[in-house]
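Written out below as structure tokens is the structure these notes cover.
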Amino acid sequence: MIIGAHSIIYSTSADADRAFLRDVLRLPNVDVGGGWLIFGLPPAEVAVHPADSNDVHEFYLMCDDVEALVAAMKKRDIACGPVQNQGWGLLTQVTLPGGGKLGIYQPRHARPKAMSAGEAAKTPAKPATTKRAKKTAGRTPRKKTARGR
């Protein structure tokens, strides 16, 4: 069923930010026409947080050493925010060439096993069952008699 995720970063300077993802972060990419790049990402995960409204989404990249990432960005004169210990991870923000900020963190939380492409389609979901369905599972339905029983 689910074979991947497609995330979007909106930018006032899309070409510069695409170059950053390609040249600085070295994400694999394909040109789908006219310089429009789509980038491959490492395994991803999604979490659902409680909120006062719907349709609010966030996008973060993860790294294995946030301090090393900040040092590598500094060598390239790329601004990063201060590293903040959030408990669940060490978080910084990288300023993209277009001026937007991209959160990157070193996770300290448990991580799920990465799903391979098409894995969800191979593993069918179990149907939801009700108490009545469980109670009557495996029984042959009774025929109604003349009395309706």
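The values are calculated or read from the model by the stated rules, or taken from the named source; none is laboratory data. Treat the numbers as computed from the prediction; the structure is a model and nothing was measured. Cβ sites come from the backbone with ideal geometry, for glycine too, and all protein chains shown count toward neighbours. Heads up: the accessible areas ignore ligands, DNA and RNA and are worked out on the full protein's heavy atoms, side chains in. Shrake-Rupley method; radii C 1.70, N 1.55, O 1.52, S 1.80 Å.
In this label model, VAL24 and ASN54 are separated by 3.6 nm, measuring between points 7 Å along each Cα→Cβ vector. In terms of packing, defined here as the mean over residues of other Cβ atoms within 10 angstrom, the peptides 61-67, 29-35 line up highest first as 61-67, 29-35.
Pop the C-beta distance of ALA110 and ILE2 into the FRET formula with R0 = 30 Å and round what comes out to the nearest 0.05. According to the calculation, E is roughly 0.90.
The order of TRP88, TRP36 by accessible area, most exposed first and with a 1.4 Å probe, is TRP36, TRP88. Check the straight Cα-Cα distances from LYS75 and name the aspartates and glutamates below 19 Å, setting aside those fewer than 8 residues away within the same chain. Reachable aspartates and glutamates: ASP17, ASP23, ASP64, ASP65, GLU67.
Most tightly packed first, judged by the mean number of other beta-carbon atoms within 10 Å of their residues, the peptides 96-104, 52-60 read 96-104, 52-60.
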